Amino acid sequence: MATLPRPHAEDYDFSHSLRIDQLDDLLKLQKAAQRITSILDLDELIDTVVHEIVRSFGCVEANIYLHHEDRGEMVLAGVCGCTQCSKGYCIKIGKSGMVGYVAATLQPRYAPDVSKDPYYSPCEEETRSELAIPLQANGRLVGVFTASHPEINAFSPEQFRLLQALCSHISVAIQNARMFREERLAREAMTREANEARAIQQSLLPKSSPYIPGFVVSGLSIPAGAVGGDWYDFIPLEEGRWGLVLADVSGKGTAAALLMSATRGMLRSLAEASCTPAEVLTKLNRLLVEDFPAGRFVTMVYAVLDPRRRTITFANAGHLRPLLITPGASHFLDSEKGLPLGLGFGEFSETELAFPVGSRIVFYSDGITEAEHEDEEYGLQRLQAHMERADASAESLLGDVRSFANSHGLSDDATLILIKG
């Protein structure tokens, strides 16, 4: 809070004590300054100021006009006691009354008798004196404060200086409130956009598990942020077969989500052309090498499940090894060839597996295995041990991962497809 102006010698009485009325005004200023500097809501701040002035100084009315730079106008933002104008009323700078004059000159103006002041614009009938003080911050016009009184020459020089001091507090408080409002609106816009992006991304994921006779297929994805680069998909193919895909775009956030969406569309188009997994990844990789920004890539496992033959054929593009669980055993499935998509041209090998009754295959992203707790990762062994349980599911695994990470939360998107035969 700015230092209050020191009283001049003539303001002292008897044993150098402040005059009672000036002391009272100083206390009013101090209390008003304390109140306004603690308010960050712009509308509440301005309303508080004008009502406080009217109440404390016995004014007919008090107003605050804010500077609208784009329009070159002063806009009434706070009003108390005025019956002629309401919030939103505009005044042209330099052309309308004392407010326009003060806004143009950046000089305060006092009309001890409004009937004799050429700049006064009549408002309330009982007004006899009026002052207008510019509100400035960092050398720029913020607004204009006005106060009207029912007595002629109602504002003493001391009161005028006190109100000027108060206006310096008001200017700073308005600037702070404006910055707070702008930051709040920006945060709300970002949150709204993030929620919309999340809803759109979630709509791209399967709405339900596919119905495949003899099999149960489920998937689940939890983004670390509002949106992410992980996704999974179930794609119906000819002759009752299903394409199953789980992928992870490098990076996080909106950029990864955009690349994920583009990759998803390309993959679906290629998969529905009844290509083999290796052919799908080869063609998709060619497209991504040409279109992806430098340094961006996608890891992906793409499989075709044939329920009639009870087989699953998959190709792996640099993704984590799928986990196969058969009655009495489990192991991770290696692939001979398969770089991440988008880095360069290459070949992809295929693996075909018989799918005995009671078997399970798990596709997963590194948000699961790399989830941390006190510098220790969840890891492949915990994943394998959990999925070997008879009651294991996509939900139970991700629940176990989140429990392991505890208060640290997930640092990366966590996605899973579980196929039970």
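Laboratory data are not the source of any read-out in this text; all were calculated from the coordinates shown. If you're wondering where the values come from, they're calculated on a predicted model, not measured in any experiment. Glycine gets a Cβ as well: all are built from the backbone with ideal geometry, and neighbour counts include every protein chain shown.
What is region 276-404 by shape, rounded, prolate or oblate, if you read a ≥ b ≥ c off the alpha carbon gyration tensor as root eigenvalues and call it rounded for a/c under 1.5, prolate for a/b larger than b/c, and oblate otherwise? Because a/c hits 1.5 or more and a/b fails to exceed b/c, region 276-404 counts as oblate. In this rough spin-label picture, where each label sits 7 Å from Cα along the Cβ direction, the residue 337-residue 138 distance is 6.1 nm. For the chain, leaving out every one of the chymotrypsin sites (Phe, Trp or Tyr not before Pro) that falls in a DSSP loop and has at most 10 other Cβ atoms within 10 Å, the longest unbroken run is 15-344.
For the pair region 62-79 and region 340-414, the centres of their Cα atoms are 60 angstrom apart. Multiplying each eigenvalue of the alpha-carbon gyration tensor of region 44-200 by 5 and taking the square root yields semi-axes of 33, 15, 15 Å, largest first, rounded to whole angstroms. Computed over region 205-420, the percent of Cα pairs more than 25 Å apart is 35.
Less than 15 Å from a label point 7 Å out along the Cα-to-Cβ axis of residue 86: which backbone N atoms in region 62-79 qualify, by residue? Inside the label zone: 76-79. Restriction of the GluC sites (Glu not before Pro) in region 267-348 to DSSP coil positions whose beta-carbon has at most 16 other beta-carbons within 10 angstrom yields 272, 336, 347. Residue 183 versus residue 96, label points 7 Å from Cα toward the beta carbon: distance in nm? Going from the residue 183 label point to the residue 96 one covers 3.3 nm.
Can you tell me which of 389, 321, 178 moves the most in a GNM of the chain? Springs connect C-alpha atoms under 10 Å apart. Comparing 389, 321, 178 in the GNM, the peak value goes to 389. With a simple spin-label model that places each label point 7 Å from the Cα along the Cα-to-Cβ direction, the separation between residue 345 and residue 290 comes to 1.2 nm.
Let me know the Kirkwood hydrodynamic radius for region 199-241, please, with Cα pairs as the basis and the value in Å to one decimal. For region 199-241, inverting the mean 1/r across all distinct Cα pairs yields 12.1 Å. Taking the alpha-carbon centroid of each part, what is the distance from region 282-313 to region 87-161 in angstrom? Cα centroid of region 282-313 versus Cα centroid of region 87-161: 72 Å apart. Compared with the dominant Cα axis of the chain, that is its longest principal axis, helix 157-204 is turned about 20°. Helix 20-36 and the longest principal axis of the C-alpha atoms of the chain enclose an angle of approximately 10°.
Taken over the Cα atoms of the chain, the convex hull encloses 221 Å³ per residue.
Extension gain, residue 321 to residue 121, is 63.9 nm, computed as 0.36 nm per intervening residue step minus the present C-alpha separation. If R0 equals 51 Å, the separation of the Cβ atoms of residue 107 and residue 402 corresponds to a calculated FRET efficiency of about 0.20.
Note on the chain: Lys pairs 8 or more places apart or on different chains, Cα atoms under 28 Å apart, count 13. Across the chain, the mean sequence separation of Cα contacts (distance under 8 Å, 6 or more residues apart), normalised by length, yields a relative contact order of 12 percent.
For a modelled paramagnetic label at residue 266, 7 Å from Cα along Cα-to-Cβ, the residues of region 336-371 in reach, with backbone nitrogen under 14 Å, are 340-346.
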